[in-house]
Amino acid sequence: FIADYLPSAHGDGMEHRNSTVLTSSASIQSSRLDLLDTIAHEFFHTWNVERIRPKSLEPFNLEDANMSGELWFAEGFTSYYGPLALKRAGLTSLRGFAKEMGDAIEKITTSPARQLRSAVEMSRLAPFVDAASSIDQTNFSNTYISYYTWGTALGLGLDLALRDRSDGKVTLDMFMRALWDRFGWPGATLPGYVETPYTIDDLKSVLGSVAGDAAFAQDFFAKYVEGHDVLDYARLLGRAGVVVKSNTGRAFAGALTLQDDQTGVRITADVPYQSPAYQAGLERDDVLVTVGGSKVTRAAEVEKLVVARKPGEPLPVVYERRGVRISAALRLVDDPRLQLVPIEETGQPLTEAQRRFREQWLSSAARNSF
């Protein structure tokens, strides 16, 4: 592992066949946990991707785009295990781990993109989104979910589903070890190549074997990996005493990206599809002049005026588009955003069964004492 933390560095983490390069402009003193998060991710790549490798990336073509439908697993499950490893090592808190997992669940739950493409199809967009750039605007915020994010949520969901249906006897750790035994451990005849890369059908087969139920594996992939369904995270996390807390009753106009401006508040990114703001006709680069009859020049003022209303209420706005002022009304809805909260923080007791399930899931098998 070669880490270059320098003020002039561009932040990145990249796994290679027998090494990893990490760069950041942040210092260890000021950004310890963020840097550890990247290190943990790249550490897990030592096994996942570098040895347990999809056939679509083997051999790697250095002269063309490498399109793979398995990046939700290669990168996404790695993005699940990075934070999980830090939690098991005692380097992060339950609250911090829950925050990362909650962000992933919220994204796949609320994003309109989930209805357009599956996790497999999102993976195939990597050549267009991973470190790629273009001067043309896109609507990817409405049509794309990162395979890192979707895969994180899938890794969490599969781990909990396996533990739930087996009462903790079968876990995602066992699935990853089985993949290692079949596809990673044997090594390679030629340096730099993986002898037995896997396909998505191989993942299904190994999952069915580990779970002792081929139908479960087929159903999981059909619904959540190749389909558009979302796991019942509230029920699964409930077994570990983690509550999926919603904002029901709080007014919401859409997750708008706003910028303060002397003439108003500018929308600087795509307006989320089917959100109240979208339904009212607002678009990127529109400038909000008044909200609820009040003149606005700061993004914080817009949020304050929205939450002062109730879901279902109309919120009149005046905005400017290319020099023309337009009036509209936003029909506010319940805030769909959510967060994961340990049940103890909600005033409810943690049961013995929940404590045991949580400990088996989030504690190190080595039972570290720190």
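Results, tabulated for the structure shown:
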item: Scope region 255-266; condition touching a residue at least 40 places away in the same chain (Cβ under 8 Å) and either of a type outside the set (Ser, Thr, Tyr) or open to solvent by less than 40 Å² (accessible area, probe 1.4 Å) (or both); matching residues; result: ALA255, LEU256, LEU258, GLN259, GLY264
item: Residue within region 179-190 that is open to solvent by 10 Å² or more (accessible area, probe 1.4 Å), part of a loop (DSSP other than H, G, I, E, B), closer than 29 Å to GLN274 by Cβ and in contact (Cβ under 8 Å) with a residue 60 or more places away in the chain present; result: no
item: Residue that is surrounded by the most Cβ atoms within 10 Å (Cβ to Cβ) [pool: residues in region 327-365 that are charged (D, E, K, R) and out of contact with any Gly (no Cβ under 9 Å at 6 or more places or on another chain)]; result: ARG337
item: Qualifying residues in region 40-70 (those that are hydrophobic (A, V, I, L, M, F, W, C), outside any loop (DSSP other than H, G, I, E, B) and touching a Gly at 6+ places or on another chain (Cβ under 7 Å)) - the one farthest from ALA104 (Cα to Cα); result: ILE52
item: Total residues in region 203-249, condition open to solvent by 50 Å² or more (accessible area, probe 1.4 Å), closer than 19 Å to VAL170 by Cα and either modelled with pLDDT under 95 or among the hydroxyl-bearing types (Ser, Thr, Tyr) (or both); result: 2
item: Selection within region 328-360 - hydrophobic (A, V, I, L, M, F, W, C) and either in contact with a Cys (Cβ under 8 Å, 6 or more places away or on another chain) or not in a strand (DSSP E or B) (or both); result: LEU332, ILE343, LEU350, ALA353, PHE357
item: Unique match (being open to solvent by 10 Å² or more (accessible area, probe 1.4 Å), under 26 Å from ASP159 (Cα atoms) and without any contact (Cβ under 8 Å) to a residue 60 or more places away in the chain) among LEU62, LEU86, LEU6, LEU33; result: LEU86
item: Qualifying positions in region 27-68 - of a type in the set (D, E, K, R) and closer than 15 Å to GLY184 by Cα; result: GLU50, ARG51, ARG53, LYS55, GLU58
item: Cβ pairs under 7 Å, 6+ apart, first in region 93-106 and crowded, with 20+ Cβ neighbours inside 10 Å, second polar (S, T, N, Q); result: GLY102/GLN339; ALA104/THR149; ALA104/THR152
item: Single residue of region 120-141 satisfying the filter (modelled with pLDDT of 95 or more and within 15 Å of the chain's Cα centre (by Cα)) that is surrounded by the fewest Cβ atoms within 10 Å (Cβ to Cβ); result: VAL120
item: Filter result for the condition that a residue is under 18 Å from the mean Cα position of the chain (by Cα) and outside any loop (DSSP other than H, G, I, E, B), over VAL244, VAL230; result: VAL244
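The values are calculated or read from the model by the stated rules, or taken from the named source; none is laboratory data. As the structure is a prediction and not an experimental result, all values here were calculated from the model. Neighbour counts run over all protein chains shown; Cβ positions are idealised from the backbone, glycine included. Just the protein is used for accessible areas: all its heavy atoms, side chains included, with ligands, DNA and RNA removed. Shrake-Rupley method; radii C 1.70, N 1.55, O 1.52, S 1.80 Å.
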